[in-house]
Amino acid sequence: MSKKNNKFNFQYLTSKEKSELKQQINASVSNYLRRRRRFRIGMVAMAAIVIIMVSVTIINHNFYSPSEIEMVVKSLGDKSDSENVQLILSNKQSIKISEEDASISYSKAGEEVKIGSSEFYKQNTTKKGDLVYNTLIVPYGKRSDLTLSDGTKVWLNSGSKLIFPSAFKTDKRQVYLEGEAIFEVVHNQKMPFLVNSKDHQIEVLGTVFNVSNYKNDGVITTVLQSGSVKINYQNGQFFKTNESQLLKPNQRAAFDKQSGSIKTRNVEIEPYFSWRNGIFIFENDDLKSIMKKISRYYNVEIEIKNMDLANDTFSGYLDVKDDIENVMETIKETSGFSYEFIEEQKIEIRS
């Protein structure tokens with residue numbers, strides 16, 4: 001095969017050489033077209049991924065646009081008082097409530113608030129047609145109960161916060177909970193009751209249920225005593241989807257805050273409601289979870305030095321109307337551990 005002026009001279013090619021050259025040219029063209037096709041497919045795939053990501057973002061944004069009450073929660077910040085139950089009214093007035101007067105009730109219009117048996121406060125509930133929100137903050141070591149303007153009863157456990165309208169004026173009754181509460185909701189088919197938290201919402205018409213949503217817990221638990229509730233939640237860590245779960249009486253739902261998944265199971269409900277009456281009921285609960293509840297209830301730090309002991313399980317009743325020392329002595333009698341107050345508000349448990 002000869003060359004002339006650095007170009008192939010087809011005049012001197014044999015039939016065999018022409019055939020081989022044709023095969024090489026065809027192969028080269030095929031490779032080129034294959035690379036072009038891969039490039040186009042890759043670009044189409046990349047474009048599709050971008051479109052999907054944008055679409056999912058738009059879908060998530062459209063589904064999870066924060067409600068008015070969530071925007072209110074963000075604007076409030078942390079105004080907790082470490083020692084007293086605290087009620088913040090619409091005019092930003094902060095009322096410190098003593099242990100003896102922890103019961104609070106609202107008039108139907110929400111303008112009058114009664115604390116205990118004889119203390120009354122007034123507030124303005126007309127704010128350019130918008131809802132007026134109040135906040136009840138219950139620090140660790142305290143409890144409180146509240147009757148909302150619609151007659152719904154709420155019991156708040158230690159370390160809890162409830163944000164709620166002074167009066168319900170829209171087609172939904174929405175509140176926002178951090179911590180643990182028992183709700184006894186007044187039935188109103190035209191105005192469902194919604195308990196909100198991040199990525200999680202409980203929808204009811206009239207029922208009794210417990211919700212636990214502490215910031216340092218990995219799950220939000222809902223236990224239904226009577227009626228029915230629907231839990232709306234955001235499932236998934238990256239691409240969140242709108243899902244819901246119906247809960248029946250004597251069922252417990254646990255929403256995993258990290259994964260966005262939810263699990264339900266049947267339970268004995270009394271242990272989830274007994275704290276309202278000053279009783280803790282444990283059924284094969286490990287010591288570390290028992291001490292977490294006691295720590296919150298009495299506002300003391302409890303450290304278990306022995307990890308084997310921390311995982312031991314216990315069953316029984318505790319009267320938490322007693323002081324912390326009597327409660328610790330009761331547990332000590334059944335478990336055999338030793339403990340010591342190393343500071344006024346800190347207990348150390350040893351085997």
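The largest-to-smallest principal axis extents of the Cα set in region 278-350 are 30, 29, 20 Å. Rounded, prolate or oblate, given the Cα gyration tensor of region 68-270, with a/c below 1.5 counting as rounded? Verdict is prolate for region 68-270.
The ranking of Val186, Val175, Val327 by Cβ neighbour count inside 10 Å, starting from the fewest, reads Val186, Val327, Val175. The base-10 log of I(q)/I(0) for region 161-280, evaluated at q = 0.12, 0.16, 0.23 Å⁻¹, reads -0.42, -0.75, -1.47 [Debye formula, identical scatterers on Cα atoms, solvent excluded].
Considering only Cα atoms, the convex hull volume of region 203-245 works out to 75 Å³ per residue. Label-to-label distance for Ser228 and Asn188 is 2.2 nm, based on points extended 7 Å past Cα in the beta-carbon direction.
The Cα center of region 295-348 and the Cα center of region 103-176 differ in position by 34 Å.
Bear in mind these aren't lab numbers, they're just calculated from the coordinates by the rules spelled out. What you are looking at is a predicted structure, and each value in this text was computed from that prediction instead of being measured. So basically every Cβ, Gly included, is an ideal-geometry build from the backbone, and we count neighbours across all protein chains shown.
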